[in-house]
1. Within the stretch 166-187, is there a residue that is at pLDDT 95 or above and acidic (Asp, Glu)?
2. Would you mind stating whether Asn35 is closer than 18 Å to Ile158 by Cα, in contact (Cβ under 8 Å) with a residue 24 or more places away in the chain, surrounded by fewer than 15 Cβ atoms within 10 Å (Cβ to Cβ) and under 17 Å from the mean Cα position of the chain (by Cα)?
3. Consider Phe83 carefully, then state whether it is more than 20 Å from the chain's Cα centre (by Cα) and closer than 30 Å to Arg130 by Cβ.
4. Would you mind listing the strands (runs of 3 or more DSSP E) fully within the stretch 1-90 where at least 1 residues are of a type in the set (Lys, Arg) and farther than 26 Å from Ile177 by Cβ?
5. Does the stretch 177-190 contain any residue that is within 14 Å of the chain's Cα centre (by Cα), closer than 29 Å to Asn12 by Cα, assigned to a loop (DSSP other than H, G, I, E, B) and in the same structural domain as Val22 (by TED's automatic domain parsing)?
6. Take the residues in the stretch 3-17 that are under 21 Å from Thr47 (Cβ atoms) and not hydrophobic (A, V, I, L, M, F, W, C), then tell me which one is surrounded by the fewest Cβ atoms within 10 Å (Cβ to Cβ).
Amino acid sequence: MKVVPYLLQIINLKCSRSDDVVIRDFSLEINRGENIEIIGSNGSGKTTLLKAILGLLPDLEGEILWQGTEIKETGNFFLKSCFYQGHKLGIKSTFTVLENLKYSNFPLLATNQTLSSVASRVGIGNFLHRATSDLSIGQTKRIALARWLIKDFDLYLIDEPFTAMDDEGSSLIHSIIKELNSRGSSFLITGHRKSGLNSKKIYLNGTNES
């Protein structure tokens, strides 16, 4: 019987920031269509973990495997399979909604019809040609959510998506994640507390919860 490797596996990861060890002996496994929430306070290492997975931290110990292969040996294959969103959304206030979606989509070059469709899915379809500076904070955050839907990725690495999100926005995030899960996508997200998402919870104080 063929053993299918985990989509992403981390084994005994150790990360340091300056001379301080931020993450020690950290392990996780995630399969296709699964969600994991990394929960911890500010400074606990949540963002550091995402940077380690993306290969942005040269000095670390342990293994990070993508479908059974060390990430550093996968070339661009791993990065092309992942979507990363930091807590700074990278949305240009001088761009229109449509321009922001096109900018984030480069070089995938989705059609305007596709971009209009994903904007409508998150409730900003009527604002495509409006400057982002004219939108509310909640509407601006929905541009980031629309980006998730432009193309299906195997893994979404999302830093604190529920922070400062109202109930309607949080429900929309749940709905989008469920939709993408049904198509085989997995999510690794960070946060300060449980979001109510159907996920395995890993606390950076060392405890886990299914």
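1. Among the residues of the stretch 166-187, at least one is at pLDDT 95 or above and acidic (Asp, Glu), which makes the answer yes.
2. Values: closer than 18 Å to Ile158 by Cα: yes; in contact (Cβ under 8 Å) with a residue 24 or more places away in the chain: yes; surrounded by fewer than 15 Cβ atoms within 10 Å (Cβ to Cβ): no; under 17 Å from the mean Cα position of the chain (by Cα): yes.
Here the answer is no, as Asn35 does not meet what is asked.
3. Values: more than 20 Å from the chain's Cα centre (by Cα): no; closer than 30 Å to Arg130 by Cβ: yes.
So Phe83 does not fit the description; no.
4. On the way: elements: 8-17, 20-30, 35-39, 60-66, 82-85.
Per the criteria, 8-17, 20-30.
5. Within the stretch 177-190 (the criterion being within 14 Å of the chain's Cα centre (by Cα), closer than 29 Å to Asn12 by Cα, assigned to a loop (DSSP other than H, G, I, E, B) and in the same structural domain as Val22 (by TED's automatic domain parsing)), the answer is yes, since at least one residue qualifies.
6. Of everything passing the filter in the stretch 3-17, Asn12 is surrounded by the fewest Cβ atoms within 10 Å (Cβ to Cβ).
The values are calculated or read from the model by the stated rules, or taken from the named source; none is laboratory data. In this text, all values refer to a predicted model and were calculated from it rather than measured experimentally. Quick reminder, even Gly has a Cβ in these numbers, built from the backbone with ideal geometry, and neighbours come from all protein chains shown.
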